[in-house]
Amino acid sequence: METKLTTDINEIKFEIEKLNLYYGSFQALKEIDMTIYGNKITALIGPSGCGKSTFLRTLNRMNDLIQGVTIDGTIQFDEQDIYGTGYDIIELRKKVGMVFQKPNPFPKTIYENVVYGPKIHGEKDRSKLDHIVERTLKEVALWEEVKDRLHKPALGLSGGQQQRLCIARCLAVEPEVILMDEPTSALDPVATSKIEGLLEELAEKYTIVIVTHNMQQAGRVSDFTSFFLNGKVIETDKTEVIFSNPANKKTEDYITGRFG
Amino acid sequence: MKTYEKVIEKIIMISAVMSTISVALITVFIFQSGLPVLAEYGVLDFIFGTTWSPTNGSYGILPLIAGTLAVTLGALVIGIPTGIACAIFLSEILPKKWAKAFKSAIELLAGIPSVVYGFFGLVVIVPAIRNYVLPIYQIFDPDISATGFSILAGAVILAIMILPTIVSISENSITAVPREFKEASLALGANKMETIVKVLIPAASSGILSSIILGMGRAIGETMAVLLITGNMAKVPGSIMDPVATLTGTIAMEMGYASPTHQQALFAVGIILFVIIMLLNIIAQFSMRGLGGKTN
C-alpha cells in the first residue's frame, strides 16, 4: 500500500469539460465543467433530480448500465479520457470505487464481502486476503465490532455497519477515488456521524466525491462544494466560500433554504 | 350489498373446500387400494424386489424405481445446465424486449400435450439414437445392440419437457436479485460474467434449486411421453442405451388388463410415486422460503 503524501491542491484527479448526458431525448446534464482535486473531499449538492447522482455515475461509467444513455464532452481521469475508445472500464472501476445510497453488502459473509474485489482481480493468497480484511475493516473502524464474526452473514449487521462494510469492500480494491452517492441518507444520526468522521481520515489517502442532500453534511466534511441545479453546475468553489459568500444568487437561495 | 358479499364468500369457500376434499379423497383412495398389497407382500420386498412379473405374482418394483430414477437423472443432467444457462441468457444478456418473446416461447413448451412429445420422441429421437448414438457406443462395446428405445431417449424428451419449469422459475429468481448487488459488483471492477457467476447465481440459488426440484417432480410424474420411447422393459438397466420401464408408465400400461391383486399392486406403485413427489414438493417449498430469507 503506497501512501500518498502530496496534498498539493494542484493535483487534479478529474477534469470534466462540456459534459452533456441524455436519457433518450431528455437532457439530464448540461455543459458541465468541473475539476476534482486529489485527496480532497468534493461535495455535490442540489435539489432532487438536479443531476448530481447522474453526474457522479459518469465518473466510473456506471451510467453505461442504463439503456438509452448518451454522453458527449470529455471526462479526463489522470489525464486520460475515460470515454475514449479503448479505455479499460474494469481498470477505471478498480481505481474509482463507489459507495451507494442504500448499504448493499452481498448476501455473503463479512469476510467474503471484503475480499470480493481482490479475489476478482486475482488475489488468491489467503494470508494476503486476511491482511486486506483486517486493514480495510480497521480503516472503516469496523474491525473491533466484527472481528469475532467475520464468517457470519453481512446482512446480520446494522445499517450503519453494513455501510461501513461497503466502504471497506470498496477500499479493498485500493482505489484512488471513492464516489459516494448519499451514503448516509439511509442511516440514523449516530451511524451518520461515524461515517462523516471516517471521511476525514479517508481523505488523507483517497480522493472523495460525495453526493449529499444534507447541506450541513456538505459544510462539515467537504473541501469543495459544487451546486447543481436542473442539470447544470451553478457554482463550484471552496466549501467555506460557497457557504459564506457564494457568487451566485441561486446558490445563496438554496443554501439559505429559500428553495429545494 | 351485504348478502351479495356473503354469497360470493360462500361460493369461494365451497370451491376451496372442494379442491381440498378432492385431494384428500384421492389420497385416501390410493392408499386404501394399495396398502393391502404392501402389507401382504412386505414393504421392503415390494420396494427392493428385483422382479416385476405380475402374472407370476412377483411384485418387486426396484426395476421400475431404477428406470424412473435413471430417466429422471438423465433429464436433469441435460436439462439443468441448459435451463440455467437459458435463464441467465434471458435475464442478463438478451435485451429486455427480446427476452420477453423468448421467454413466452419457452413457456409455450409447457402447453404442448405430453403425447405429442412422446410422438416426437418416437419418430425423431429414437431413430436418431439408433442411427447416430449407437455407432459411437459400438466403438467401445462392439457387442451392444439397441433399438433406440432407451433411457437416453426418455432423458432427452424429459429434459425438453422440464425446461419451461427450470427456465421460467430460475429466470424469475435471477431477475429478482436486487439491482444493488449487481451494481456493487460492477463498481468493484468485476465484469459481467464474474458478476453473474459470483453474485447473481449465488443470490438466486434457492430459487434455482426450487426450479430444479419442481422440474424433477414433473419428470418423475411424466407418463405418456416416457411410455412411448423408453421401451418398457422392467429390468434394472446397465447402460443409458438400455430400455427401461418407469413407475408411471407401468401403471398406465398394465391397469387395463390387471387382475385384482395386480391392480392393487399398481395402486401400491402409485403410493410410492405419491410419496416421492410429495417429498419433492415439500423440499421445493422449503428452498423457496430460503429465497425469501436470503435476499431480504
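Tabulated results
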quantity: Computed magnitude of the charge dipole of the protein assembly as shown (debye, nearest 20; Cβ of K, R +1, Cβ of D, E -1); calculated: 1200 debye
quantity: Charge sum, other residues only, whose C-beta stays under 11 Å from A:D88's C-beta, Lys/Arg counted +1 and Asp/Glu -1; calculated: +3
quantity: Farthest positive-ward along the range A:12-255 dipole, Cα basis, beta-carbon charges - from A:L137, A:I255, A:S158; calculated: A:S158
quantity: At most 12 other Cβ within 10 Å, DSSP loop - trypsin sites (Lys or Arg not before Pro), the range A:42-102; calculated: none
quantity: Inter-probe distance in nm under a simple model that places probes 7 Å from Cα toward Cβ, at A:D81 and A:E145; calculated: 4.4 nm
quantity: Amide H partners (placed H, <5 Å) of A:L229, local residues excluded; calculated: A:I234
quantity: Unit charges on C-beta of K, R, D, E only; dipole of chain B, Debye; calculated: 1020 debye
quantity: A:Y22 versus A:N214: modelled label distance in nm, points set 7 Å from Cα along the beta carbon direction; calculated: 3.8 nm
quantity: Tensor-based shape of the range B:136-192 (alpha-carbon gyration tensor, a/c under 1.5 rounded, otherwise prolate or oblate); calculated: oblate
quantity: Per-residue ³J(HN,Hα) for the range B:118-125, Karplus 6.51 cos²θ - 1.76 cosθ + 1.60, θ = phi - 60°, Hz, x for Gly and Pro; calculated: x, 5, 4, x, 5, 8, 10, 5
quantity: Estimated [θ] at 222 nm from DSSP helical runs (n ≥ 4, -39500 (n - 2.57)) normalised by residues in chain A, nearest 500; calculated: -10000 deg cm²/dmol
quantity: In order through the range B:256-262: 3J(HN,Hα) via Karplus (6.51 cos²θ - 1.76 cosθ + 1.60), integer Hz, x for Gly, Pro; calculated: x, 10, 6, 6, x, 5, 4
quantity: Per-residue ³J(HN,Hα) for the range B:89-102, Karplus 6.51 cos²θ - 1.76 cosθ + 1.60, θ = phi - 60°, Hz, x for Gly and Pro; calculated: 4, 5, 7, 10, 10, 6, x, 3, 5, 5, 4, 4, 4, 4
quantity: Residue-averaged beta-carbon neighbours from other chains (10 angstrom radius) around A:116-124; calculated: 3
quantity: Order of A:K119, A:K152, A:K249 under a 10 Å beta carbon neighbour criterion, fewest first; calculated: A:K249, A:K152, A:K119
quantity: 10 Å Cβ neighbours from other chains, averaged over peptide B:175-184; calculated: 4
quantity: Distance from the range B:111-162 to the range A:146-184 (C-alpha centre basis), Å; calculated: 53 Å
quantity: Inter-chain shielding of A:85-97 (mean C-beta neighbours from other protein chains, 10 Å cut-off); calculated: 2
quantity: Dipole magnitude of the range A:12-255 about its Cα centre (Cβ charges: Lys, Arg +1; Asp, Glu -1), debye to nearest 20; calculated: 720 debye
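No value in this document is a laboratory result; all are computed from the given coordinates. What you are looking at is a predicted structure, and each value in this text was computed from that prediction instead of being measured. Don't worry about glycine lacking a Cβ; one is built from the backbone with ideal geometry, like all the others, and counts go over all protein chains shown.
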